[in-house]
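*Asks:* The structure that follows is given in the form of structure tokens.
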Amino acid sequence: MFQDNPLLAQLKQQLHSQTPRAEGVVKATEKGFGFLEVDAQKSYFIPPPQMKKVMHGDRIIAVIHSEKERESAEPEELVEPFLTRFVGKVQGKNDRLAIVPDHPLLKDAIPCRAARGLNHEFKEGDWAVAEMRRHPLKGDRSFYAELTQYITFGDDHFVPWWVTLARHNLEKEAPDGVATEMLDEGLVREDLTALDFVTIDSASTEDMDDALFAKALPDDKLQLIVAIADPTAWIAEGSKLDKAAKIRAFTNYLPGFNIPMLPRELSDDLCSLRANEVRPVLACRMTLSADGTIEDNIEFFAATIESKAKLVYDQVSDWLENTGDWKPESEAIAEQVRLLAQICQRRGEWRHNHALVFKDRPDYRFILGGKR
């Protein structure tokens, strides 16, 4: 007799509208309960049974209950899930798979299956990329995920790096393809091959992408030319390599190795500013006054250079401090090091006088969790 009763429907709607609700973000705890954080000052307790409907980080709308002067939240509607695409470690049990998200507050294993077409037999300990497919607040009985990408096996020593790349959806290999000859750009390049350019990098660096040349000028001024490797001399706009570089945007430097933006034949060879090799560059010529100010006559131009030496940070630093066995291979290179050290000192003093956030601190360090 109550089916499709308009008065009953109206009463339900009225009760629903009068029930207090709040929107916020779920914050889980290690003890099973959680909180709905509405803002910096207000939060509501979420009991353990209700926490099974949500996940840490979910933005939800919840019904607020008051009992014995204590308020609690009952999750009702999912506004924005915390997990969509995520990285985790696979668990296997009784031929069933689950994945534990790589997050300190997400401890529960989420049942999952491999996506169709993914040609890998997942096993205990594997790392994978997954996407959420079901959520209790979307009308599903439980959480469920789909494995969309195999990352690596559990005992791989490079797990931290592969996981980091996968989490940010970054490539783990160098791009394919190589340009074997320079383009006919019709671009006039200034010939700077006679100048004593040097590169300063770590000893293992192969992709030298910048070189420096310094010269003393009258009135205690210094000239600095910064040359940046120019891969556009090899890669045509709109080409496959150009599109790949646009997507990657940069080289990823990881402990012990890197994932280049360009094919290694370009980044480590043809475009690398190797010593005694002529290379196309984009250059900037600038003048520094005695107090380190960069004057207005800054000039950008295309050029060709020939680096005269590959220098190493630590060796240069030791030589300037009169320690260690290394020394520049020629007086011309030694003069470059001395001039570049002067430029560094002048710019440091200029920064101290004009660009410090805290005048009483010439430099600063970040302190995170008690570690510097």
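What follows is calculated from the coordinates using simple rules that are stated; it is not laboratory data. Please read all numbers here as calculations on a predicted model, not as lab measurements. Cβ atoms come from the backbone with ideal geometry, glycine included; neighbour counts cover every protein chain shown.
*Asks:* Which is the longest part of the chain that has none of the chymotrypsin sites (Phe, Trp or Tyr not before Pro) sitting in a DSSP loop with at most 10 other Cβ atoms within 10 Å?
*Replies:* Between the exposed loop sites, the longest stretch runs 3-249.
*Asks:* Follow-up. Sequence-distant or interchain residues sharing an amide H contact under 5 Å with E190, placed H: which?
*Replies:* Here A302, A303, T304 satisfy the definition.
*Asks:* Rounding to the nearest 20 debye, state how big the charge dipole of region 85-167 is about its Cα centre with +1 on each Lys and Arg Cβ and -1 on each Asp and Glu Cβ.
*Replies:* In total the dipole reaches around 420 debye.
*Asks:* Then there's this: Quick one: grab the alpha carbon gyration tensor of region 222-271, order the square roots of its eigenvalues as a ≥ b ≥ c, and give me rounded if a/c is under 1.5, else prolate or oblate depending on whether a/b is larger than b/c.
*Replies:* oblate
*Asks:* Okay, next question. Only Cα pairs under 8 Å and at least 6 apart count here; give the relative contact order of region 85-167 as a rounded whole percent.
*Replies:* Rounded, it is 28 percent for region 85-167.
*Asks:* Top mean-square fluctuation among G324, G154, G117, Gaussian network model of the chain, C-alpha springs under 10 Å?
*Replies:* G117
*Asks:* Could you size up the charge dipole of the chain around its Cα centre, putting +1 on the beta carbon of Lys and Arg and -1 on that of Asp and Glu, and report it in debye to the nearest 20?
*Replies:* Value, rounded to 20: 2220 debye.
*Asks:* Separate question: Using +1 at the Cβ of each Lys and Arg and -1 at the Cβ of each Asp and Glu in region 190-354, identify which of M261, C271, L282 lies farthest towards the dipole's positive end.
*Replies:* Sorting the options by dipole projection puts first M261.
*Asks:* Provide the net charge surrounding I60, with neighbours chosen by a C-beta distance below 12 Å and charges set as Lys +1, Arg +1, Asp -1, Glu -1.
*Replies:* -2
*Asks:* Sum up the charges of everything whose Cβ sits under 12 Å from the Cβ of T193, counting Lys and Arg as +1 and Asp and Glu as -1, but leave T193 out.
*Replies:* Taking every Cβ under 12 Å from that of T193, the sum is -2.
*Asks:* Quick one: how many lysine pairs in region 190-354 have C-alpha atoms under 26 angstrom apart, if they're 8 or more apart or on different chains?
*Replies:* Pairs that pass both the separation and distance tests number 7.
*Asks:* I've got another one for you. Could you pull out every residue, at least 5 positions away or on a different chain, whose amide H is within less than 5 Å of the one on D102? Hs are placed 1.01 Å off N in the peptide plane, and Pro or chain starts have none.
*Replies:* Residues meeting the amide H criterion: V87, G88, K89.
*Asks:* In deg cm²/dmol, rounded to 500, what helix-only [θ] at 222 nm does the chain give when every DSSP H run of at least 4 residues adds -39500 (n - 2.57) and the total is split over its residues?
*Replies:* -5500 deg cm²/dmol
*Asks:* Find, among the GluC sites (Glu not before Pro) in region 221-291, those assigned to loop by DSSP (not H, G, I, E, B) with at most 13 other beta-carbon atoms within 10 angstrom.
*Replies:* E237, E277
*Asks:* Name the residues whose placed amide hydrogens come within less than 5 Å of the amide hydrogen of I200, ignoring near sequence neighbours (fewer than 5 apart) on the same chain.
*Replies:* The list, which skips near neighbours in sequence, is L311.
*Asks:* With the contact rule set at Cα under 8 Å and sequence spacing of 6 or more, what percent relative contact order holds for the chain?
*Replies:* 11
*Asks:* Scan (i) 50; (ii) 27; (iii) 31 for the value of percent of Cα pairs over 37 Å apart calculated from this model and give just the label.
*Replies:* Correct label, based on the coordinates given: (i).
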